[in-house]
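Report on one structure; see the data block that follows.
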């Protein structure tokens, strides 16, 4: 006789199995991207989101109950969320766990209500929900669950299997809801990711043999461009990377959170402090981890404790990398590090008071990063289309910018939701997310910042100005497909604009020129061309001259972007 209820231990196994199944299928899901670009990332984003939660579940041990499981799933996925699909998945999980956290056993009726709460929460998180996506698949599953319950289904195995089967059917219909999916010959990639999670969960319910092991680096985030080349000596002011979770048993309101953050800032930097009802996730670089731990113990018990000696780790890395170059290089690097540490210990670097405004930009490519720095951006998060930063990555960046008000430039439509989620979790600073969808829009936004204006005035001004920017990117196709009535072959060059494919061909210069033609308007005055790491300077100069000849009434700016995968990033204003 099959189980008719699900307890916390079984649900945790179902969740982990769903996460592992998604992880196994992530590359295939990446390939379902509508545009056949080489950096499809839906599978990666969803996997890193759910693995962030899976890692916290694995740390709970045998004494798991529904409340602790719910907190681990909700908090882990919320902080690990990256990309639109990942953020939506985190909201589905957040809504589901809100309903179940007080239960000891999940019955079919509770499951129905949990599915409905999951869909409600996810739809609220998206400003303009689009049908034919992961949201549609989730809603289809919830509707089927309700229908089965109302029709008197009482067998949990049949219930779960029928819900999954209907979700698969809804997924198969997504091309009929979104013409771009039908033309590309694919189903929605986010919806497919959700199906893989549900499939793995059902397998665990049925008792199939599954490896539930979650690696230590599961859900690991991106690294900031502030991290230097590993061969260079780094200036490490605070030597111990300290992480832990506080299981709250005392009130931790906004004031308590601000006081705790202020204390952490007094003993270290690189602070991330994210509160989610009964838990607080803490990350700090400090020279005395014990002080952070003692302060945290005033609010509750600690778990998931991890302390790493960053100076020792870096010295060991320097030694290994310098072994082939002779010991002198390693000795010099170690001496430089020791000197830097002594200078910091003597207090030569004074803390500055916070400034009024600061900027964070998501960027990729040496040249692009340098452009943002030259325009006054305080912190660069390495990422973009190839690797979307998580909510936690953005929160960490916000903590590192010494400003009262921080503007975040996502520079990719797939990062805006994660940035908005970070804004909701930020209490000690004013965080404004400027909805830049491309790097050229981000550059335009920061150029139009006026220090004398208020934050609200600058927000309105930057949003207005980015609407005048048309952006395009030139890359190559990784599979055959048809999009916007354009037949694309694997290896073709493609010009992708704000609203779809602008050009396809086998000549990169011709495709780039046609891309610009598709972006031009009568009001256009400036064409900016950023060439990538795979384009040499001479070729870029020749292309720029061709564009100048074609559009004599426009100013042409050519700059090295250094971005991977995209040969050219182009804007028309």
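Between residue 355 and residue 309, the contour length at 0.36 nm per residue exceeds the alpha carbon distance by 13.5 nm. Hey, for a label at residue 10 modelled as a point 7 Å past Cα toward Cβ, could you say which residues of the range 137-165 have their backbone N under 20 Å away? Residues 145-146, 148-150, 152-165 qualify, since their backbone N sits under 20 Å from the label point. Calculated FRET efficiency, residue 24 to residue 523, Cβ-Cβ distance, R0 = 45 Å: about 0.35 to the nearest 0.05. As a length-normalised measure over Cα pairs under 8 Å and 6 or more apart, the relative contact order of the range 470-572 settles at 31 percent. From least to most packed, judged by other beta carbons within 10 angstrom and beginning with the fewest, 556, 134 follow the order 556, 134. Rg and Dmax over the alpha-carbon atoms of the range 470-572 stand at 13.0, 38 Å. Distance between the modelled labels on residue 124 and residue 427, one decimal in nanometres: 1.9 nm (7 Å Cα→Cβ projection). Pairwise Cα distances in the range 16-81 exceed 14 Å for 59 percent of all pairs. The share of alpha-carbon pairs in the chain lying farther apart than 35 Å comes to 43%. Structural descriptor for the chain: relative contact order 13 percent, calculated from alpha carbon pairs under 8 angstrom and at least 6 residues apart. The calculated 222 nm mean residue ellipticity attributable to helices in the chain amounts to -15500 deg cm²/dmol, summing -39500 (n - 2.57) over DSSP H runs of n ≥ 4 and dividing by all residues.
Counting only Cα atoms, the size of the range 427-485 along its three principal axes is 50, 28, 17 Å, in decreasing order.
Counting only DSSP beta bridges with both residues in the chain, the antiparallel share comes to about 70 percent. Placing pseudo-labels 7 Å out from each Cα toward the beta carbon at residue 157 and residue 253 gives an inter-label distance of 5.2 nm. The coefficient of translational diffusion for the range 355-463, derived via Stokes-Einstein from the alpha carbon Kirkwood radius under 10 °C and 1.306 mPa s, stands at 119 µm²/s.
Look at the alpha carbon pairs under 8 Å that are at least 6 residues apart: their mean separation over the length of the range 355-463 gives a relative contact order of 26 percent. Neighbour counts of C-beta atoms inside 10 Å place 550, 544, 74, 114 in the sequence 550, 544, 114, 74, starting with the fewest. Computing FRET efficiency as 1/(1 + (r/R0)^6) for residue 506 and residue 447, where r is the C-beta to C-beta distance and R0 is 41 Å, gives about 0.70.
Sorting 170, 547, 450 from the fewest to the most surrounding beta carbons within 10 angstrom yields 450, 547, 170. Using the Cβ-Cβ distance between residue 104 and residue 180 with R0 = 60 Å, the FRET efficiency computed as 1/(1 + (r/R0)^6) comes to roughly 0.85.
Taken together, the values in this text are just the output of simple stated rules run on the coordinates, not laboratory data. The structure displayed is predicted, hence computed values, not measured ones. Backbone-built Cβ (ideal geometry, glycine too); neighbour counts: all protein chains shown.
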